[in-house]
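Trainee: Can you read through this structure? Questions will come right after.
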Amino acid sequence: MSAVRVATRASLLARTQSGIVADALRARLDREVVLVEVSTRGDVDQTTPLASFGGVGVFVSAVRDAVLRGDADVAVHSLKDLPTAPAEGLRLAAVPPREDARDVLVARDGGTVATLPAGASVGTGSPRRAAQLRALRPDLHVVPVRGNVDTRVRKVVDGELDAVVLAHAGLARLDRLDAVTEVLETDQMLPAPGQGALAVECRDVEDDAALLDALRDLDDDATRVAVTAERSLLAALEAGCSAPVGAHATVSGAPGEAVVHLTGAVVSDDGRVQVRKSVTGPAGDAEQVGRSLAADLLAAGAPGLVNGTRP
């Protein structure tokens with residue numbers, strides 16, 4: 001049978017993540033599985049802040065187009081990069097088991113957020129991380145940075161920055177956890193909705209039954225429930241709030257009785273004010289759990305947390 005073609009961004013992390021999925025498909029299908037590298041706008045332009053691109057879909061559209069054109073059979077993304085709106089012609093076929101969703105600090109001299117010197121420079125390209133850093137340490141100098149993991153870590157090693165904030169999952173997949181000086185617990189910094197999870201998409205009309213079966217086998221129920229709740233929260237907030245959003249969900253309980261516990265926060269850009277709340281509900285109703293928490297956050301003043309204004 002023909003090889004399964006997996007569309008991926010060309011960065012080392014993206015290829016590593018796509019390779020994980022490719023290996024899993026290869027084991028299940030006993031067929032050749034090859035990576036198809038795609039350049040995205042976010043990869044080509046390494047200087048423009050991501051927010052200037054509109055914030056969503058920067059690393060996704062070109063990879064999706066490869067599948068829609070028939071140049072690839074499946075696409076692999078970091079799930080946090082996916083827009084919350086459905087993609088016409090594609091389905092989210094698998095959400096494999098999630099890596100650690102937390103953020104981490106990579107700092108000089110083994111530093112932590114608490115021990116960084118006053119005025120220390122901390123790099124991040126994420127408004128969410130920047131706002132929560134300012135909430136934890138208003139004296140820090142938060143510096144916008146772009147580039148791959150090695151580029152960002154090198155800025156610390158070379159002394160250009162005192163620290164950077166990165167995703168635990170990316171460093172784990174690249175076997176670079178030795179660089180971490182502090183794991184940021186979710187009560188310090190809530191991750192992005194979907195962080196640590198992968199998304200595997202295929203065409204909505206796909207006639208390769210064996211491939212569809214293999215993709216279904218890759219799907220992890222608990223991970224899909226958790227990220228569904230987080231992304232539902234984000235989708236509901238996008239209609240009424242443009243401030244940085246963090247969210248994290250966990251699933252517990254026996255099948256049929258499982259519940260999802262979701263925490264979300266909206267933070268002012270300057271970090272001075274944040275609205276943070278939690279909710280628990282049936283795992284089978286994860287979308288409604290996310291919408292319910294979004295309504296609570298909006299009612300508590302989240303729409304006012306834009307550009308440092310108050311609720």
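Trainee: Across segment 272-279, in residue order, what do the Karplus-derived ³J(HN,Hα) couplings come to in whole Hz, using 6.51 cos²θ - 1.76 cosθ + 1.60 with θ = phi - 60° and x for Gly and Pro?
Mentor: 6, 9, 9, 10, 9, 8, 9, 8
Trainee: Based on the Cβ-Cβ distance from residue 69 to residue 183, what FRET efficiency comes out when R0 is 30 Å, to the nearest 0.05? Before the final figure, lay out the partial values.
Mentor: Details: r = 40 Å, r/R0 = 1.35.
Computed FRET efficiency for residue 69 and residue 183 comes out at 0.15.
Trainee: Normalised by the number of residues in the chain, what is the relative contact order in percent for Cα pairs under 8 Å and 6+ residues apart? Let's see the in-between values first.
Mentor: Values: 675 pairs, mean separation 57.3, N = 311.
Result for the chain is 18 percent.
Trainee: For the chain, find the longest principal axis of its Cα atoms and tell me its angle to the long axis of helix 12-29, 0 to 90°, nearest 10.
Mentor: 30 degrees
Trainee: Starting from the Cα-Cα distance between residue 39 and residue 160, subtract it from 0.36 nm times their residue separation and give me the gain in nm to one decimal.
Mentor: Using 0.36 nm per residue and subtracting the Cα-Cα distance, I get 40.7 nm.
Trainee: Ranking request for peptides 150-161, 127-138: highest mean number of other beta-carbon atoms within 10 Å first, then the rest in descending order. The partial results should precede the final answer.
Mentor: Details: 150-161: 15.4, 127-138: 21.4.
The peptides rank, most packed first, as 127-138, 150-161.
Trainee: Specify whether the C-alpha gyration tensor of segment 225-304 places it in the rounded, prolate or oblate class, a ≥ b ≥ c being the square roots of the eigenvalues: rounded for a/c under 1.5, otherwise prolate if a/b is larger than b/c and oblate if not.
Mentor: Working: a/c = 2.63, a/b = 2.19, b/c = 1.20.
Judged from the Cα gyration tensor, segment 225-304 comes out prolate (a/c at least 1.5, a/b above b/c).
Trainee: Say R0 is 30 Å: what FRET efficiency, to the nearest 0.05, do residue 176 and residue 206 get from their beta-carbon distance? Mind showing how you got there, number by number?
Mentor: Details: r = 35 Å, r/R0 = 1.16.
Between residue 176 and residue 206 the formula returns 0.30.
Trainee: Now for a different question. Residue 91 versus residue 139, label points 7 Å from Cα toward the beta carbon: distance in nm?
Mentor: Label-label distance for residue 91 and residue 139, simple model: 5.6 nm.
Trainee: Among the DSSP beta bridges whose two residues both lie in the chain, what percent are antiparallel, rounded to the nearest 5?
Mentor: On the way: 34 of 48 bridges.
Percentage antiparallel, nearest 5: 70.
Trainee: From a point 7 Å beyond the Cα of residue 30 in the direction of its Cβ, which residues of segment 196-220 have a backbone N at a distance under 18 Å?
Mentor: From segment 196-220, the list is 209-215, 217.
Trainee: Could you rank the peptides 192-199, 60-67, 113-120 by their average count of other C-beta atoms within 10 Å per residue, with the highest value first?
Mentor: By packing density, highest mean first, the sequence is 192-199, 60-67, 113-120.
Trainee: If you stretched the chain out fully between residue 238 and residue 151, how much longer would it get, using 0.36 nm times the residue separation minus the C-alpha to C-alpha distance?
Mentor: 28.2 nm
Trainee: If each DSSP helix of 4+ residues adds -39,500 (n - 2.57) and the sum is divided by the residues in the chain, what number results at 222 nm, nearest 500 deg cm²/dmol?
Mentor: Helix contribution divided over all residues of the chain: -9500 deg cm²/dmol.
The numbers here are math on the coordinates, done by the rules we state, and not lab data. Everything numeric here is computed off the predicted structure, so don't read it as measured data. Cβ: placed from backbone, ideal geometry, glycine included. Neighbour counts: every protein chain shown.
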